[in-house]
Amino acid sequence: MNIKIYQPNDKCEFCFKGFRFVEKFYNGNVNFDTNYKKVYEFEEDYEGDMNSLLEGLFIRFQGIKPSGYSGHSLSVSDIVVVDGNKYYVDSFGFKKL
């Protein structure tokens with residue numbers, strides 16, 4: 001599967017905010033194309049459930065980052081795209097967009 005990690009750019013007004021904030025003040029619209037930049041892309045062989053994959057990615061991108069990774073540790077308001085499906089890193093878990 002193809003995995004991409006996006007992080008908010010300097011113009012993003014809800015950086016490091018949980019999805020409830022985005023729902024309340026932005027009607028759940030993250031304006032992906034204007035508020036985010038891709039910091040990493042890779043291929044991963046995985047056959048488990050999506051929640052386990054996302055949680056594993058969150059843990060993996062807390063410590064030493066792989067070569068070519070240009071972002072900070074995976075944090076609230078980042079977006080993980082798995083085979084075209086977008087997942088917002090929320091305060092607890094992930095919210096499918």
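The values are calculated or read from the model by the stated rules, or taken from the named source; none is laboratory data. Quick caveat, the model's predicted, so the values are computed rather than measured. Because the Cβ atoms are built from the backbone with ideal geometry, glycine has one as well, and the counts that use them run over all protein chains shown. Side chains are part of the model used for accessible areas, which takes the heavy atoms of the whole protein and leaves out ligands, DNA and RNA. Shrake-Rupley method; radii C 1.70, N 1.55, O 1.52, S 1.80 Å.
A few comments on the model shown:
- Residue that is nearest to Y36 (Cα to Cα) [pool: residues in segment 55-77 that are open to solvent by 40 Å² or more (accessible area, probe 1.4 Å) and in a helix (DSSP H, G or I)]: F58
- Leading residue by the ranking (nearest to Y6 (Cα to Cα)) among those in segment 45-54 that are surrounded by 13 or more Cβ atoms within 10 Å (Cβ to Cβ) and either within 13 Å of the chain's Cα centre (by Cα) or at pLDDT below 95 (or both): L54
- Boolean, Q7 is among the polar types (S, T, N, Q) and touching a residue at least 40 places away in the same chain (Cβ under 8 Å): yes
- Restricting attention to segment 15-31, the residues that are touching a residue at least 12 places away in the same chain (Cβ under 8 Å), open to solvent by 40 Å² or more (accessible area, probe 1.4 Å) and either within 16 Å of K4 (Cα to Cα) or among the hydrophobic types (A, V, I, L, M, F, W, C) (or both) total 2.
- Matching residues, segment 32-44, being within 15 Å of D83 (Cα to Cα), under 11 Å from the mean Cα position of the chain (by Cα) and open to solvent by less than 90 Å² (accessible area, probe 1.4 Å): Y40
- Scope segment 85-97; condition closer than 15 Å to N2 by Cα, free of Cβ contacts under 8 Å to residues at least 40 places away in the same chain and open to solvent by 40 Å² or more (accessible area, probe 1.4 Å); matching residues: N85
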